[in-house]
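Everything below concerns the one structure shown next.
The values are calculated or read from the model by the stated rules, or taken from the named source; none is laboratory data. Keep in mind it's a predicted model, so treat the numbers as computed, not measured. Note that we place each Cβ from the backbone using ideal geometry, even for glycine, and neighbour counts take in every protein chain shown.
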Amino acid sequence: MSTSQSSGIGETLRFAFVIVLVVAGGLATLATVAGFFGDIWWGFDLAANYRWHLMWITLISAILFALTAKGIATIVFIAASLVNGWLIAPLWTGSQPPGTGEDGVRIVQVDMS
């Protein structure tokens, strides 16, 4: 009967990788939630500007976390990714608003020398 022993270094590296994923995905999830509270503090409002990046960070964290640790954090990261994707989807799928004002642009230059 053969048994496989896991090396201490392999398990330590896996554990460190899971911690990095939890920190990255957790911070991105917190920034996703903080973006909804931009009225309270300008830092929260700033987080709302990075929805595209937060979507990818949480999605990649969810996939890698599901492959390595298989915990509840996978569902949380996927939910945060879906929220960010839902918020930025109209920016990519919508049409441009019709132009207002004049049809042309007038450029004026004044040389005072």
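Let's see how each residue does on (1) in contact with a Phe, Trp or Tyr (Cβ under 7 Å, 6 or more places away or on another chain); (2) surrounded by 14 or more Cβ atoms within 10 Å (Cβ to Cβ):
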{"site": "G8", "(1), (2)": "no, no"}
{"site": "V23", "(1), (2)": "no, no"}
{"site": "T29", "(1), (2)": "yes, yes"}
{"site": "V33", "(1), (2)": "no, no"}
{"site": "G43", "(1), (2)": "no, no"}
{"site": "L59", "(1), (2)": "no, yes"}
{"site": "A66", "(1), (2)": "no, yes"}
{"site": "V83", "(1), (2)": "no, yes"}
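Kindly establish whether G71 is under 20 Å from the mean Cα position of the chain (by Cα), at pLDDT below 95 and part of a loop (DSSP other than H, G, I, E, B). Taking the combined requirement at face value, the residue satisfies it.
Output the number of residues of the range 24-56 satisfying the condition of being of a type outside the set (A, V, I, L, M) and not in a helix (DSSP H, G or I). Walk me through how you get there before you give the answer.
Step one: of the range 24-56, the residues of a type outside the set (A, V, I, L, M) are 25-26, 29, 32, 35-39, 41-45, 49-53, 56.
Still in the running and not in a helix (DSSP H, G or I): 38-39, 41.
Total satisfying the criteria: 3.
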